[in-house]
1. S30 passes all but one of (1) closer than 23 Å to P150 by Cβ; (2) at pLDDT below 95; (3) out of contact with any Leu (no Cβ under 7 Å at 6 or more places or on another chain); which number fails?
2. Inspect the stretch 236-244 for any residue being of a type outside the set (S, T, N, Q), surrounded by fewer than 19 Cβ atoms within 10 Å (Cβ to Cβ) and closer than 21 Å to E63 by Cβ and give the result as yes or no.
3. Determine whether V228 is outside any strand (DSSP E or B) and more than 16 Å from the ligand (Cβ to nearest atom).
4. Can you spot a residue in the stretch 174-191 that is part of a loop (DSSP other than H, G, I, E, B) and either within 16 Å of the ligand (Cβ to nearest atom) or surrounded by fewer than 23 Cβ atoms within 10 Å (Cβ to Cβ) (or both)?
5. Assuming I157 fulfils every condition listed in (1) assigned to a strand (DSSP E or B); (2) within 20 Å of L65 (Cβ to Cβ) apart from one, which condition is it?
6. If a residue must be under 25 Å from the mean Cα position of the chain (by Cα) and basic (K, R), how many such residues does the stretch 126-152 contain?
7. All but one of (1) more than 10 Å from the ligand (Cβ to nearest atom); (2) under 22 Å from L72 (Cβ atoms); (3) within 16 Å of the chain's Cα centre (by Cα); (4) of a type outside the set (F, W, Y) hold for E160; which doesn't?
8. Limited to the stretch 98-124, what total is found for residues that are over 24 Å from the mean Cα position of the chain (by Cα) and near the ligand (Cβ under 10 Å from one of its atoms)?
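The values are calculated or read from the model by the stated rules, or taken from the named source; none is laboratory data. Here the structure is a predicted model, which means the values were calculated and not measured. As a convention, Cβ positions derive from the backbone with ideal geometry for all residues, glycine included, and neighbour counts pool all protein chains shown.
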Amino acid sequence: MAPCSGRFASWILVLCTSAIAISPPHFTMSKTTKAESATEKENLSQFEQHYFNSYDHYGIHEEMLQDTVRTLSYRNAIVQNKDLFKDKIVLDVGCGTGILSMFAAKNGAKHVIGVDMSSIIEMARKIVDINGFSDKITLLRGKLEDVELPFPKVDIIVSEWMGYFLLYESMLDTVLYARDHYLAPGGLIFPDKCSIHIAGLEDSEYKHQKLDYWQDVYGFDYTPFIPVVMEEPIVDTVDSNLINTTRTKIVEFDLNTVTLADLEFKVPFKITAKRQDTINGLVTWFDNVFPAPEGKKPVEFSTGPYAAYTHWKQTVFYLTDDLECEKGDVLEGTLTCGPNTRNNRDLDVNIKYDFKASGVDGEQRSVKGENKYLMH
Ligand SMILES: C[S@@+](CC[C@H](N)C(=O)[O-])C[C@H]1O[C@@H](n2cnc3c(N)ncnc32)[C@H](O)[C@@H]1O
């Protein structure tokens, strides 16, 4: 398992189905030209610069593009909803290499605006051009919050904003900004429903290898490192066989209505041991659902241990205690999550747990605890 590290987008004709008609890209009202960015990178905080720099390199985009569960889910959601995209104005928030913009343009969108702060957008321009979409896709460099769009309103927002544990990177904030400033009434967001799930796992060997190392480093006691190591959630793939409790959904966001304040939350959870085992920590993942017309099955995908691999893997929070469980024992608690005050792209997570074991030795095995984590 690997610790979390950053993955690091004049003439207006109102139609009845499409909010806004296009004006050709070369007549756009945007202040942003090909040569400039609407946002001066130097004016951004070090954290923000670091964040956007991480998307400058092709490698991170290669990883995302090669994540077929991710990329094909977006393509399927657009292809299966061609009718929804037909003649629509689409905003691609954080367009990266332009893949989602091209999916939308190829599947009927009247015009697509792709916005990205990272220099990768210069590559997107070349790609959009050689693939023949220059007249259908306008690419603007800068923070979405700073660019001036060539259309006052858009019909559809597409964005791949999800980070580890869903909310790491805080890019959802930008999608909500786009929704509140640019989405026409009745407009759609792809995807528009996301949920976070939790379960218990047995991972004694790796956990203890990772923590016990600090007991004796070349004969010295390095144990002050142990709480520091414990504070870092681990991003890695979890074999579903390691899951030894029931799973539960802890939070669900509807992107059509969720507010920034909702992204800071405290939620209860309750899971039940499925076998005699040890619960060393909690594994979390998220699921996503795209809009679909009434009666049509929506495209959805999961980043969970029971689903196919995605580059988001899963996020594991080790607990201080190793919980010796018998089938039916209950682990309940609360999970608190919010942006870190120093760097709002990091996440502060707090897990309070109350393990209620039953049986003759239930009292000895029952334990309460609390762990604080920082995803950075
Ligand atoms: C996860 S990548 C997705 C890239 C592309 N849409 C794809 O699916 O391959 C997110 C992109 O959003 C950009 N981004 C994040 N926040 C942004 C903001 N506030 N304004 C503009 N671009 C942003 C990043 O630079 C990055 O290229």
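1. Only one criterion is unmet by S30, namely (3).
2. Checked the stretch 236-244: at least one residue is of a type outside the set (S, T, N, Q), surrounded by fewer than 19 Cβ atoms within 10 Å (Cβ to Cβ) and closer than 21 Å to E63 by Cβ.
3. yes
4. Checking the stretch 174-191: at least one residue is part of a loop (DSSP other than H, G, I, E, B) and either within 16 Å of the ligand (Cβ to nearest atom) or surrounded by fewer than 23 Cβ atoms within 10 Å (Cβ to Cβ) (or both).
5. Tallying (1) assigned to a strand (DSSP E or B); (2) within 20 Å of L65 (Cβ to Cβ), I157 fails exactly one: (2).
6. Selection size over the stretch 126-152: 2.
7. Of (1) more than 10 Å from the ligand (Cβ to nearest atom); (2) under 22 Å from L72 (Cβ atoms); (3) within 16 Å of the chain's Cα centre (by Cα); (4) of a type outside the set (F, W, Y), only one is false for E160: (1).
8. Number satisfying all stated conditions: 0.
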